[in-house]
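All remarks here apply to the structure that follows.
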Amino acid sequence: MTAPEPHPLDLLREEARHTDPRAVQRALHARPLTPQDTGGWSAGAEETLRGAIGMERKMQMEMRIGLEGHLDGLPLRRTAPLADMTLPELLAEHAEGRRMLLRVLDQLLTVGETHDLRTWTMGEEVPPPVYILALRGRLGRLDALIASQRR
């Protein structure tokens with residue numbers, strides 16, 4: 001009889017014991033943003049970008065909830081509805097949204113070094129080092145989805 005597969009969150013908790021959250025943060029900041037040129041995209045690119053932007057907005061709100069009273073210097077960024085945006089507008093929105101998401105992440109890690117913050121991922125409350133690993137995986141999957149829309 002084989003042992004059951006470990007839950008993905010258990011794997012992230014274990015990885016967090018051996019991973020420097022600041023190194024993950026630097027790697028996320030080093031990732032290139034979605035190309036802004038409008039040529040070479042497939043027909044499904046707009047819908048894929050809408051979905052990715054929506055997920056990244058959700059991730060940002062997850063972190064903001066965890067930061068609760070520690071949001072100084074992190075204004076809410078005004079966002080427009082995605083449904084009517086054209087491809088160039090979606091590309092610009094994605095880049096701007098990703099920059100803000102990384103700013104919120106920076107704040108989460110900084111505040112998490114001196115305060116007991118909790119964030120949520122996979123339906124459970126987790127500390128910032130576990131959250132950043134889950135975030136890295138989620139952003140990687142979204143980046144791959146967006147890249148698959150390039151011709």
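Consider residue 46 against the criteria (1) under 14 Å from residue 99 (Cα atoms); (2) open to solvent by 20 Å² or more (accessible area, probe 1.4 Å); (3) in contact with a Leu (Cβ under 8 Å, 6 or more places away or on another chain): it satisfies all of them except one. Which criterion is unmet?
(1)
Condition check: in contact with a helix residue (DSSP H, G or I) (Cβ under 6 Å, 6 or more places away or on another chain) and assigned to a loop (DSSP other than H, G, I, E, B). Does residue 90 satisfy that?
Answer is no for this residue.
Can you say whether residue 82 is surrounded by 12 or more Cβ atoms within 10 Å (Cβ to Cβ) and within 16 Å of the chain's Cα centre (by Cα), as far as the supplied structure shows?
No; evaluated as a whole, the condition is false for this residue.
I'd like the residue in segment 97-140 that is without any contact (Cβ under 8 Å) to a residue 40 or more places away in the chain and assigned to a loop (DSSP other than H, G, I, E, B) and, out of all such residues, is surrounded by the fewest Cβ atoms within 10 Å (Cβ to Cβ).
Step by step, filter segment 97-140, then rank; the result is 123.
The values are calculated or read from the model by the stated rules, or taken from the named source; none is laboratory data. Please read all numbers here as calculations on a predicted model, not as lab measurements. Cβ coordinates were reconstructed from backbone atoms using ideal geometry, including for glycine residues, and neighbour counts include every protein chain displayed. For accessibility, only protein heavy atoms count, side chains too; no ligands or nucleic acids. Shrake-Rupley method; radii C 1.70, N 1.55, O 1.52, S 1.80 Å.
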